[in-house]
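Report on the following structure.
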Amino acid sequence: MQGVAEKLYTVEEYLAFCEKNEGRFEYVNGEIIEMSGESVAANQIAGNIHRYLGNLLEDQPFIFVQNAVKLQVKNGKAFRIPDFFIFHETGNQKKYATEPIFIVEVLSESSINTDRVTKLAEYTQLPTLEYYLIIEQEECLVEVFNREGKRWYVEFYSDINERIDLPALNIQLPLSVIYKKVQLPTPTDESNSPAA
């Protein structure tokens, strides 16, 4: 991710900038940051979750978005673009969303620190958020941060046969769905790779 210019922007200038320019841009501390493109695997993972949860929860008062909708964080001082998220219908602000309940970020080399540290801190301050999933695209590994009252807990899932329990949504999300048709290295691939 890369800053667009040296000046600091207001929220209104950021939203106007996004209207006039193609691409995906986040907004943090007055800076407009262009988002890098994503891999096929990252998009597949977000799409798999989108389809599965969208079908299970289609009659609930939620909106499901992938890869392009801005999410307001830090009390309106920043906007992020998660790989996938679900928010309450009352959080539809037309140009951006508020009131998320479920957020997914798929890790890449360029986003690992931002997703695991910066966004984790920002997202867990959102009062409506129940789940934040950080998903590896190079291996079967999902970190699930879930809210229990005022505290956050993390669980790790690495078996393709496991299911992530999401009691606030009254559903389970199988890892086999998350990684459906995603090309992951096989144990044979890893054993044939050169030693470090």
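Of note:
- At a probe radius of 1.4 angstrom, the accessible area of the chain per residue rounds to 55 square angstrom.
- The number of Lys pairs in the chain with C-alpha atoms less than 23 Å apart, excluding pairs fewer than 8 positions apart on the same chain, is 24.
- Computed [θ] at 222 nm, helices only, for the chain once each DSSP H run of length n ≥ 4 contributes -39500 (n - 2.57): -5500 deg cm²/dmol
- Across the alpha-carbon set of the chain, the Rg to Rh ratio works out to 0.98, Rh being the Kirkwood radius.
- In Å², nearest 10: area of residue 28 left accessible to a 1.4 Å probe: 20 Å²
- Given charges at beta-carbon only (K, R positive; D, E negative), |dipole| of the chain in Debye: 540 debye
- Probe 1.4 Å - accessible area at residue 186, Å² to nearest ten: 60 Å²
- Normalised by the number of residues in the chain, the average gap of Cα pairs under 8 Å and 6 or more apart makes the relative contact order 15 percent.
- Surface share of carbon and sulfur [accessible, 1.4 angstrom probe, percent] for segment 1-89: 46 percent
The values are calculated or read from the model by the stated rules, or taken from the named source; none is laboratory data. Please read all numbers here as calculations on a predicted model, not as lab measurements. With ideal geometry, Cβ positions are generated from the backbone for all residues, glycine too; neighbour counts draw on all protein chains shown. Each accessible area value is taken on the protein alone, full model and side chains, heavy atoms only, with ligands, DNA and RNA left out. Shrake-Rupley method; radii C 1.70, N 1.55, O 1.52, S 1.80 Å.
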